[in-house]
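Chemist: Have a look at this one before I ask anything.
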Amino acid sequence: MKKFTKLFFASLMALTIVTGCNNNGNGSSQPEGPVDYAATLKLDLNSGSAKQEVTVKNYVDGDTTHFHFTIPEDKVGSEEMTGITNGVLKARYLGLDTPESTGKVQPWGKAAANFTKTALTSATSIIIESEPLNNTWEKDSTGGRYLVWVWYKNDNAEDAKYHEYRCLNLEIMQEGYAYSKNDLTYRYYDVFNDAMNYANTNKLKVWGKEADPGFYYGAAQEVTIKYLREKQELNEETGQYEAVNHLEDYKDTAIRITAIIYRIAGSSIYLQEDDPETGNTYGMQVYLGPGGTLTDAEVGAKFCIVGTLQYYDTGCYYQVSGVKNPGFFEVADDESFRVDDQIYPTNPVTITYEDFSTRYEELTFANVRMEGLTVVDAYTTTNEESNSYGAMTLTCKDSDNHEVTIRTQVLKVDGELVVESAFLGKTMNVVGMIQPYKPENGDLRYQFELYSMKDVTFIG
């Protein structure tokens, strides 16, 4: 722990070390550094703002984190707490905007996300604080995220200033990983404005012309989904098959893949690539972002997709994001486009339990079918505040008594919710995809994802 924290905090300070003074362009003089504004702002535990000590559930990006949160007894069932689902508060950091690192990938976006994750991972205590001073938690315009100040400390740090609570929002700003929201109503506006001017004066990160060393600026590299997914590769020199991980090789790299859309669901499309030599199939999720679209996208359309291959920590899988729609006239090199007007077949490939249990990584997001599964048990999500209300987990057995887990989306027929009795004791063929998931405090697992009753055929 000491070695890790020493390196981390040494790197934090190294990021801001420059010398001299400069005019910020607004007539006031700004120090060029080093200046630690986060050390000057103190957490007032006696103020009227709402506060709670929390732990991290998921790291999303530089200015968004999901925390484990306990609803106060006097607020249970209140409108104020309707954004809390399964004890998780989705926090949007006040006062700043970091570059995108999920649906859209921008320079310094991944670096900002890593900065936030590193600070909170090493923290011995984290407190989130609301902006209002009337002991209320304020949601953003989406209604699903809460606007908070994030404070952390690390009692194990060798530098004593980290033994007191530091405002991570402000720290992100002073390091140049974010733009300011410039909202004069924020309580901490003055010090945030100073930190912004400091970052701007010293041309740090997003405020300067320095290239982000973790961002790929080059041309997209042409690859196939099979090449990315396949776990073994023939070494022509030795004649032996060797384990490979091309997904890791191309992480955070601009790639170009051509494949057929076999499913459109929410803000994502799913691509299918069949190997005529082996009969195997390979799949990839393309995340378009909230409200994202792809011109002329439909099931069976062949697309050339250009985007960034990234690892989505929350879902524990690789996906393509940062996809740009084609222009109206000429398609640029970094834009995706439909190859032709044809509709291609999107037939699922039948897999066995052996495939499911040994090739699950290779088959992630592939368009597959499993046959002869009998449902022996079922569990339904009953939390009405959850987006998964009504979704089911089906425990199935194949003809050889092997166990297969199927997770359904919220299934409806003619507007009516499909319930457990529709499946229990029945044998079926199902079409879907294999997806990873990680239970709370558990190891990474894989399950069969079922999207629609149209993908179910009951036997007998």
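Chemist: Here are some conditions: (1) surrounded by 21 or more Cβ atoms within 10 Å (Cβ to Cβ); (2) touching an Asp or Glu at 6+ places or on another chain (Cβ under 9 Å); (3) farther than 25 Å from K110 by Cβ; (4) not polar (S, T, N, Q). A254 meets all but one. Which one does it not meet?
Modeler: All conditions are met except number (3).
Chemist: Among the residues of region 403-421, count how many are in contact (Cβ under 8 Å) with a residue 24 or more places away in the chain and in contact with a strand residue (DSSP E or B) (Cβ under 9 Å, 6 or more places away or on another chain).
Modeler: So the count comes out to 10.
Chemist: Report the residue count in region 393-448 for those that are loosely packed, with under 13 Cβ neighbours inside 10 Å, under 22 Å from G460 (Cα atoms) and polar (S, T, N, Q).
Modeler: Residues flagged as loosely packed, with under 13 Cβ neighbours inside 10 Å, under 22 Å from G460 (Cα atoms) and polar (S, T, N, Q) within region 393-448 amount to 3.
Chemist: Starting from residues that are hydrophobic (A, V, I, L, M, F, W, C) and over 29 Å from the mean Cα position of the chain (by Cα), keep the ones in region 168-191 and report whichever is surrounded by the most Cβ atoms within 10 Å (Cβ to Cβ).
Modeler: V191
Chemist: When you scan region 128-139, do you find a residue that is closer than 17 Å to K181 by Cα, part of a strand (DSSP E or B), among the charged types (D, E, K, R) and under 20 Å from the mean Cα position of the chain (by Cα), even just one?
Modeler: no
Chemist: Moving on to the next point. Would you be able to say whether some residue in region 450-459 is in contact with a Pro (Cβ under 9 Å, 6 or more places away or on another chain) and either surrounded by 15 or more Cβ atoms within 10 Å (Cβ to Cβ) or part of a loop (DSSP other than H, G, I, E, B) (or both)?
Modeler: Yes, region 450-459 contains at least one residue that is in contact with a Pro (Cβ under 9 Å, 6 or more places away or on another chain) and either surrounded by 15 or more Cβ atoms within 10 Å (Cβ to Cβ) or part of a loop (DSSP other than H, G, I, E, B) (or both).
Chemist: While we're on this one: Which count do you get for residues in region 143-202 that are assigned to a loop (DSSP other than H, G, I, E, B), closer than 24 Å to S49 by Cα and without any contact (Cβ under 8 Å) to a residue 40 or more places away in the chain?
Modeler: The total comes to 3.
Chemist: Any residue at all in region 221-244 that's modelled with pLDDT under 85, within 30 Å of D296 (Cβ to Cβ) and part of a loop (DSSP other than H, G, I, E, B)?
Modeler: The answer is yes, given that some residue of region 221-244 is modelled with pLDDT under 85, within 30 Å of D296 (Cβ to Cβ) and part of a loop (DSSP other than H, G, I, E, B).
Chemist: Given the conditions (1) over 17 Å from R369 (Cβ atoms); (2) free of Cβ contacts under 8 Å to residues at least 60 places away in the same chain, which single one is not true for G315?
Modeler: (2)
Chemist: Still on this structure, I have one more. Please go through region 288-312 and give me each residue that is surrounded by 15 or more Cβ atoms within 10 Å (Cβ to Cβ) and either of a type in the set (K, R) or assigned to a loop (DSSP other than H, G, I, E, B) (or both), ordered by number.
Modeler: L288, G289, G292, L294, A297, V299, A301, K302
Chemist: Let me ask you something else. Could you tell me which of the residues E361, E384, E335, E354 is outside any strand (DSSP E or B), over 26 Å from the mean Cα position of the chain (by Cα) and modelled with pLDDT under 95?
Modeler: E354
Chemist: Could you tell me whether any residue of region 401-421 is among the aliphatic types (A, V, I, L, M) and in contact with a Lys or Arg (Cβ under 7 Å, 6 or more places away or on another chain)?
Modeler: yes
Chemist: Residues in region 331-347: is at least one under 21 Å from V431 (Cα atoms) and surrounded by 15 or more Cβ atoms within 10 Å (Cβ to Cβ)?
Modeler: Among the residues of region 331-347, at least one is under 21 Å from V431 (Cα atoms) and surrounded by 15 or more Cβ atoms within 10 Å (Cβ to Cβ), which makes the answer yes.
The values are calculated or read from the model by the stated rules, or taken from the named source; none is laboratory data. Computed from a prediction, not measured in an experiment: that's the story for all the values here. Note: ideal-geometry Cβ built from the backbone for every residue, glycine included; neighbour counts use all protein chains shown.
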